[in-house]
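Written out below as structure tokens is the structure these notes cover.
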Amino acid sequence: MSGSVDAAAASAAPTAAATRLTGLVAALRAHGFGIGTGETVDAGHALEAVGFTDRERVREALAATLLHGEAQRPVFDRVFDLYFPLGHTRALGADGTAPAGPAGLAALRDRLAEALTTADGAALDRLAAEAVGGFGGYGSGPESDGWSSYQTLSRLRPETLLARVRERLRAAPGTEGPEFTERLLDNEIRRRIEAFRERVRTEARRRVAERQGRDRVARRAVAGTADTADFLLAGRAQLDELRRTVRPLARKLATRLAARRRRASRGEIDLRRTLRRSLSTGGVPVRPVLRRRPPRRPELVLLCDVSGSVAGFAQFTMLLVQALHDQFSRVRVFAFVNRVDEVTGLIARGAADPAGLGDRILAEAELTGWHGQSDYGTALGEFADRYAEALSPRTVVFVLGDARTNGSDPNLAALKTIADRARRVHWLNPEQPSLWGTGDSVAPAYADLVEMRPCRNARQLGALIGRLLPV
């Protein structure tokens with residue numbers, strides 16, 4: 001989306017520009033971006049340098065000074081569009097919206113097909129504004145009126161224009177030749193349609209922000225980065241993006257664990273030997289003597305609920321721990337629904353194709369008995385009986401699940417047996433603590449026996465793994 005910034009007057013009013021910039025930074029911080037004061041000052045200097053006449057230059061200047069990675073760019077773009085909206089003249093109807101009714105919709109679709117064919121960005125911007133204004137409004141009162149991109153796109157249905165745009169592109173000069181295949185043509189049209197859909201979403205957010213305030217919309221209506229997405233609410237696309245972050249996150253955690261291990265290997269002060277050595281310096285312990293720790297790595301066991309909505313959380317954690325396996329003397333992974341089976345080998349083989357890991361686990365492991373619902377009591381009891389040899393004073397156990405038993409016996413005795421045999425047991429629960437103990441959740445009962453911590457997204461998981469993993 002090219003054009004000038006809607007707040008072009010900000011170039012003549014430094015206070016307005018500073019307000020927009022600080023609002024943008026505050027909204028990005030609310031989404032977890034680590035932006036310091038120095039970076040904010042640099043962004044202000046960048047705005048002074050590029051001015052406000054070219055909106056895309058403003059966007060790139062702020063992105064260069066505020067962002068730390070490419071994964072943050074989608075969120076940044078959506079928030080930027082709220083604080084620095086596009087200033088263009090809209091070819092709307094007399095009432096400020098596109099003409100309503102079937103005739104107006106058909107005319108809008110015809111113009112959209114033409115703009116998609118020519119890839120006219122300015123025309124697509126205008127059409128997105130017309131579409132939202134004419135077909136995206138809802139409510140009947142000044143306090144309830146709003147704008148919906150979903151409603152707009154449901155009525156406009158731009159995806160159904162693919163065949164029409166394809167025919168127009170075929171007829172255009174320069175599209176002949178074997179290199180311009182049908183598949184490439186269709187992919188390009190789908191890309192243009194998706195870009196238009198994003199324009200509609202941006203316009204709807206902009207209109208809502210005018211009524212409700214930019215700050216509120218930036219925090220509530222803009223989806224965060226994949227690492228802050230709630231495991232229980234994340235869609236397939238977000239989970240796929242999370243899986244792609246496993247290796248970088250594992251490298252960062254491995255570096256952190258190695259540093260902790262080096263510090264721990266220095267050992268504790270040997271008080272007796274330190275006092276004896278201090279006799280040569282008049283009783284002053286100038287050179288303390290350390291009791292060296294034996295160089296041994298701990299063992300790790302994962303016990304994961306892979307049923308329902310917690311499956312994505314479990315699979316991501318499995319892949320993360322598998323990527324960290326060099327940090328431990330042994331790693332064993334067990335999955336369960338209402339029966340337990342070891343899936344360590346499946347996880348190791350699944351690192352090459354993480355997207356299909358869940359399906360392979362459900363297909364190849366024996367995880368269910370006579371029903372398909374999760375049963376923590378039965379699963380914990382079977383683990384304590386069948387896999388007792390996996391537990392020792394060197395073993396740290398991580399249990400992953402929401403502790404919802406579907407009304408069955410929680411089998412607290414089995415969890416206590418596991419806790420007694422292992423060095424430490426940590427339970428990571430993807431539900432928020434306010435839901436623990438509601439409905440069929442027995443989280444408070446389990447939390448009385450082992451440490452239970454909320455772990456709702458990948459960022460929290462990385463912090464917990466880095467802090468709780470033994471060295």
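Test ARG29 against the stated conditions and say whether it is under 19 Å from PRO74 (Cβ atoms) and either in a helix (DSSP H, G or I) or out of contact with any strand residue (DSSP E or B) (no Cβ under 9 Å at 6 or more places or on another chain) (or both). Quick ask: steps written out before the conclusion?
On the way: under 19 Å from PRO74 (Cβ atoms): yes; either in a helix (DSSP H, G or I) or out of contact with any strand residue (DSSP E or B) (no Cβ under 9 Å at 6 or more places or on another chain) (or both): yes.
Against the criterion (under 19 Å from PRO74 (Cβ atoms) and either in a helix (DSSP H, G or I) or out of contact with any strand residue (DSSP E or B) (no Cβ under 9 Å at 6 or more places or on another chain) (or both)), ARG29 qualifies.
Could you list, in sequence order, all residues of the stretch 443-462 that are under 17 Å from ALA314 (Cβ atoms) and in a strand (DSSP E or B)? Passing the criteria: MET452, ARG453, PRO454. Got at least one residue in the stretch 399-420 being touching a residue at least 40 places away in the same chain (Cβ under 8 Å) and open to solvent by 70 Å² or more (accessible area, probe 1.4 Å)? No, the stretch 399-420 contains no residue that is touching a residue at least 40 places away in the same chain (Cβ under 8 Å) and open to solvent by 70 Å² or more (accessible area, probe 1.4 Å). Summed over the stretch 362-384, the residues that are closer than 14 Å to LEU303 by Cα, assigned to a helix (DSSP H, G or I) and of a type in the set (D, E, K, R) give a count of 1.
There is at least one residue in the stretch 145-157 that is under 28 Å from LEU105 (Cβ atoms), surrounded by 21 or more Cβ atoms within 10 Å (Cβ to Cβ), modelled with pLDDT under 85 and not charged (D, E, K, R). In the stretch 116-127, is there at least one residue being modelled with pLDDT of 85 or more, part of a loop (DSSP other than H, G, I, E, B) and surrounded by 13 or more Cβ atoms within 10 Å (Cβ to Cβ)? The answer is yes, given that some residue of the stretch 116-127 is modelled with pLDDT of 85 or more, part of a loop (DSSP other than H, G, I, E, B) and surrounded by 13 or more Cβ atoms within 10 Å (Cβ to Cβ). Filtering the stretch 240-251 to residues that are open to solvent by less than 50 Å² (accessible area, probe 1.4 Å) and either touching an Asp or Glu at 6+ places or on another chain (Cβ under 9 Å) or at pLDDT below 75 (or both) leaves LEU242, LEU249.
Check whether at least one residue in the stretch 185-200 is open to solvent by 90 Å² or more (accessible area, probe 1.4 Å) and either more than 30 Å from GLY466 (Cα to Cα) or not in a helix (DSSP H, G or I) (or both), and report yes or no.
Start the filter on the stretch 185-200 by keeping residues that are open to solvent by 90 Å² or more (accessible area, probe 1.4 Å), which leaves 190-191.
Checking the rest, the ones that are also either more than 30 Å from GLY466 (Cα to Cα) or not in a helix (DSSP H, G or I) (or both) come to 190-191.
There is at least one residue in the stretch 185-200 that is open to solvent by 90 Å² or more (accessible area, probe 1.4 Å) and either more than 30 Å from GLY466 (Cα to Cα) or not in a helix (DSSP H, G or I) (or both).
Taking the condition of being modelled with pLDDT under 85 and polar (S, T, N, Q), how many residues in the stretch 1-50 meet it? Looking only at that region, the number is 4.
Among the residues of the stretch 410-442, just one is in contact with a Gly (Cβ under 6 Å, 6 or more places away or on another chain) and in a helix (DSSP H, G or I), namely ALA414. Quick one: in the stretch 423-455, which of the residues that are at negative phi and out of contact with any helix residue (DSSP H, G or I) (no Cβ under 9 Å at 6 or more places or on another chain) is surrounded by the fewest Cβ atoms within 10 Å (Cβ to Cβ)? The selected residue is SER434. Scanning the stretch 201-239 for residues that are farther than 30 Å from VAL306 by Cβ, open to solvent by 50 Å² or more (accessible area, probe 1.4 Å) and within 23 Å of the chain's Cα centre (by Cα) returns ARG201, ARG214, ASP215, ARG216, ARG219, ARG220, ALA221. Residues that are farther than 18 Å from ASP215 by Cα, open to solvent by 60 Å² or more (accessible area, probe 1.4 Å), at pLDDT below 90 and not in a helix (DSSP H, G or I) occur in the stretch 56-76; there is at least one. Are any residues in the stretch 128-138 in contact with a helix residue (DSSP H, G or I) (Cβ under 6 Å, 6 or more places away or on another chain) and assigned to a helix (DSSP H, G or I), and if so, which ones? Correct list: ALA128, ALA129, ALA131, VAL132, PHE135. When restricted to residues that are of a type in the set (Gly, Ala, Ser) and in contact with a Cys (Cβ under 9 Å, 6 or more places away or on another chain), the stretch 388-440 contains 1. Evaluation of ALA379 against the conditions (1) crowded, with 18+ Cβ neighbours inside 10 Å; (2) over 30 Å from the mean Cα position of the chain (by Cα) shows that the sole unmet condition is (2).
The values are calculated or read from the model by the stated rules, or taken from the named source; none is laboratory data. Because the structure is predicted, anything quoted here is derived from the model rather than measured. Backbone-built Cβ (ideal geometry, glycine too); neighbour counts: all protein chains shown. Calculation scope for accessible area: heavy atoms of the full protein, side chains included, ligands and nucleic acids excluded. Shrake-Rupley method; radii C 1.70, N 1.55, O 1.52, S 1.80 Å.
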